[in-house]
Amino acid sequence: MRNTIIILFIILIYGCACNKRDNLEKIKLENKQTLKDFKRDTLLYVQTKILDRKEHYIGKKFEVLLSDLNIPVKHFLYSPDFNNIKRVSSTIFEIYNGYETSNKLEKGEIPVNIIIAWQTPLVADELEKLIIDRTKRGEWTPEKEAYFKNQIVGDVLTTKYNLDKYKKK
């Protein structure tokens, strides 16, 4: 009887170890998925790879999300908080430029914009300095990436569009 219990215990431990290893391999495979794996459907890619896993990014530096995104950010937008214009609680990161966004909306497609709510609000003056070069405005540059990558993510969202407003009549 004692040998049977020991054998069952060993089988149970081995089974748990295999299951944990399989789960880790599955997570690694999910992280390696590329836009091609989603048939170039950017919205589905961002939804699956980023938004569905947002708990993974909350409380971490934005650079963690950027490294998993594997899609270049084109622009960023912000507006100061309504109740305190010196603070910025969230920033919009656009995957498409304005022209591509307009085309998608007119076709009834949803463009991908990732909204990051910051754990600690950003200083509006610092963001204004990033945009001061009016020729590039909110265009994504290495300087802007260097600033944002060290900020701590509070939440990850996406813009919601009412497509009926944008369709050509």
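In the set (1) open to solvent by 30 Å² or more (accessible area, probe 1.4 Å); (2) modelled with pLDDT of 90 or more, A124 fails one condition alone, (1). Only one entry in Y166, Y161, Y78 is in contact (Cβ under 8 Å) with a residue 24 or more places away in the chain, open to solvent by less than 70 Å² (accessible area, probe 1.4 Å) and touching a helix residue (DSSP H, G or I) at 6+ places or on another chain (Cβ under 6 Å), namely Y78. So which of V46, V64 is buried (at least 18 other Cβ atoms within 10 Å of the Cβ), closer than 16 Å to V156 by Cβ and hydrophobic (A, V, I, L, M, F, W, C)? None of the others qualify; the one that does is V46. Here R137, R87 are screened, and the one residue that is open to solvent by 70 Å² or more (accessible area, probe 1.4 Å) and modelled with pLDDT under 90 is R137. Evaluating I110 against the criteria (1) among the β-branched types (V, I, T); (2) closer than 19 Å to L44 by Cα; (3) touching a strand residue (DSSP E or B) at 6+ places or on another chain (Cβ under 7 Å) leaves one unmet condition, (3).
The values are calculated or read from the model by the stated rules, or taken from the named source; none is laboratory data. None of the values given here were measured: they were computed from a predicted structure. Note that we place each Cβ from the backbone using ideal geometry, even for glycine, and neighbour counts take in every protein chain shown. Quick note on the areas: whole protein, heavy atoms, side chains included, nothing else; ligands and nucleic acids left out. Shrake-Rupley method; radii C 1.70, N 1.55, O 1.52, S 1.80 Å.
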